[in-house]
Amino acid sequence: MIIFQGVTKMYEQGAVALRDVSFHLEKGGFAFLTGPSGAGKTTLLKMIYREERPSEGSVEVAGKESGRLAVGQVQRLRRRMGIVFQDGRLIASRDVFENVTFVLRAQGLAPRARKERALNVLRQVGLSHRMRSLPRQLSGGEQQRVAIARAVAADPDLLLADEPTGNLDREMSVEIMEIFRRIHGRGTTVLIATHDPFLLRKYRRRVLNLEGGCLTDKGVEITSGSDETP
Amino acid sequence: MSLRLLRMMVSDGLVALLRGRGLTAAALLIITLTFSVSAVALLAAGNLAAAVELNSRPGVFRVYFSEETPDSEAAVVARRLRARDGIDSVTVVWADQARDEFLVAFPEMSAGVALLADNPFPPHLEVTVADAVAAVRRRELRATLGDEEGVVAVRGDDLWTRRLLELAGLIRRAGLATGLAFALAATLVVAGVTRLSLASRRDEIAVMWVVGAPRAFISGPFVVEGVVLGAGGALLAWAASWGVFRIASVLADAHPLLGFLALAPLPLSSVLFLVACSVVAGSCGALLTVYQAARAH
């Protein structure tokens, strides 16, 4: 699903965000991307959804080299992904239901299908009773669950999450990880950037460790079903 | 582009216009004011040309004789003129007839005319030139009429008609030119509005990009906003010109001296021209800004 080959990302000021990163994440795989703050986790995720291009090397997503795609192709590729941002990026002026249906609308779904899909995912994340609430009326955990609902609403092939539990307590983090686990169970490839050692210990999954822009550990591909610590 | 996408673009564009109703109203006002100038110029030009056409008879000359010229001599000149090529008819209008015709045309002046001791209207010939005679030939004919025995003046509408029609043409061209110039102004207004609209929806658009919304879905509503603002401004400008037309009609009806005017509203072709200019301006303004924003992504 994702292939990084010798990827280096250098910014104009000379700062190196990623250095010669190579790894391969299978279709249907589940991996954590970890490392200290500033290690390059967000940059790596941005390369997958082509918000950034590599300075050197190549990034292949779903069989396409993302650096060579035209704008329309990039948008098509992004429609196959669900992205959970560190800050949620919910639209403040729209309620929970609209935040979810908005993405489905952007993807061209008919109104009835949008409504059904949104209700379904909001039920999955336990927020069907907060549909008409605005983001500011929700707790941090609820906002993050809305962001997850939005990311999975379109039933993506690939789910990327950037520190989805960053600001949440342990109980809420586990709750959110359970949602990811369920989504992965449906065959979605999942890549989660986190530096929470608790989650890494609890969910024994493949770990890609980044330090100073270098991939120091590519982890081992673990098949689903053998992942969780009891 | 699917019908559903088009419907979404239109509804999102209209919702955005309603959300920013203050800005929408200000932009509409500016576009209306600019296009109103063109609309009123086109209205004035059209009516001036129509009034000239209606009230002028370029093929008719009046040949005036000196006071000493006897009626018999005027009749001889009339006979001689009838025999010339290119002349349709020659009518002798005697002094009393001339006065009566004037009083029929302007009855409110009868009191003033009655106060005069002598009839101020001289006898004259009304010479009608055949329609087929070209303007140059008409001017030559008019010059030779002045050489006839006892003739002191030859008057006709030809020169004034030409001048008034040229003036009407000038106003019309000015209206069209200002229409195009103001279309540029409208483009800039819409570009500004679109920029503000983009800024106010920056978060939304950023999310749209990363979730893979098609470009048309993102930029379409802004283009719809531009088209609606442009077309709305032009239609309001047309309404303003209609208001001017109504006021002018009331004034013309109330004032007898303006009775020669047969006013008409802005013709459909001019309305379509204004709307087309403003729609193009609106969509160009929006596209320009959206294109710049898209390049930044």
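Key figures for this structure:
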| quantity | calculated |
| --- | --- |
| Hits in segment B:193-209 - residues which are free of Cβ contacts under 8 Å to residues at least 24 places away in the same chain and more than 19 Å from A:Pro135 (Cα to Cα) | B:Ala199 |
| Output for segment B:38-55, where each listed residue is modelled with pLDDT of 85 or more and open to solvent by 30 Å² or more (accessible area, probe 1.4 Å) | B:Val40, B:Ala44, B:Gly46 |
| Filter pass, B:Gly233 being crowded, with 16+ Cβ neighbours inside 10 Å, at positive phi and in the same structural domain as B:Leu42 (by TED's automatic domain parsing) | no |
| Of residues in segment A:156-207 being touching an Asp or Glu at 6+ places or on another chain (Cβ under 7 Å) and open to solvent by less than 10 Å² (accessible area, probe 1.4 Å), the one farthest from A:Gly35 (Cα to Cα) | A:Thr188 |
| Evaluation of A:Arg123 against (1) more than 14 Å from chain B (Cβ to nearest Cβ); (2) in contact (Cβ under 8 Å) with a residue 12 or more places away in the chain; (3) open to solvent by 40 Å² or more (accessible area, probe 1.4 Å); (4) within 19 Å of A:Phe180 (Cα to Cα) (one fails), failing number | (2) |
| Every residue from segment B:186-202 that is part of a helix (DSSP H, G or I) and buried (at least 17 other Cβ atoms within 10 Å of the Cβ) | B:Ala186, B:Thr187, B:Val189, B:Val190, B:Ala191, B:Val193, B:Thr194, B:Arg195, B:Ser197, B:Leu198 |
| Test result for B:Ser2, at negative phi and more than 14 Å from chain A (Cβ to nearest Cβ) | no |
| Residues located in segment B:205-224, provided they are open to solvent by 10 Å² or more (accessible area, probe 1.4 Å) and of a type outside the set (A, V, I, L, M) | B:Trp209, B:Pro214, B:Arg215, B:Ser219 |
| Residues of segment B:177-216 classified as among the basic types (Lys, Arg) and within 18 Å of A:Met81 (Cβ to Cβ), total | 1 |
| Spans of strands (runs of 3 or more DSSP E) in segment A:21-106 with at least 2 residues away from chain B (no Cβ under 14 Å) and open to solvent by 60 Å² or more (accessible area, probe 1.4 Å) | A:56-61 |
| Residue under evaluation B:Leu287, criteria (1) surrounded by fewer than 20 Cβ atoms within 10 Å (Cβ to Cβ); (2) within 14 Å of another protein chain (Cβ to nearest Cβ); (3) at pLDDT 85 or above, criterion not met | (2) |
| Matching entry among B:Ala231, B:Ala264, B:Ala296 (being under 21 Å from the mean Cα position of the chain (by Cα) and modelled with pLDDT under 90) | B:Ala264 |
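Per-residue answers, yes or no, for (1) within 14 Å of chain A (Cβ to nearest Cβ); (2) closer than 30 Å to A:Leu159 by Cβ; (3) in contact with a strand residue (DSSP E or B) (Cβ under 9 Å, 6 or more places away or on another chain):
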| residue | (1), (2), (3) |
| --- | --- |
| B:Ala185 | no, no, no |
| B:Val190 | no, no, no |
| B:Ser200 | yes, no, no |
| B:Asp203 | yes, yes, no |
| B:Met208 | yes, yes, no |
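The values are calculated or read from the model by the stated rules, or taken from the named source; none is laboratory data. Note that the coordinates shown come from a computational prediction; the quantities given were computed from them, not determined experimentally. Cβ: placed from backbone, ideal geometry, glycine included. Neighbour counts: every protein chain shown. Calculation scope for accessible area: heavy atoms of the full protein, side chains included, ligands and nucleic acids excluded. Shrake-Rupley method; radii C 1.70, N 1.55, O 1.52, S 1.80 Å.
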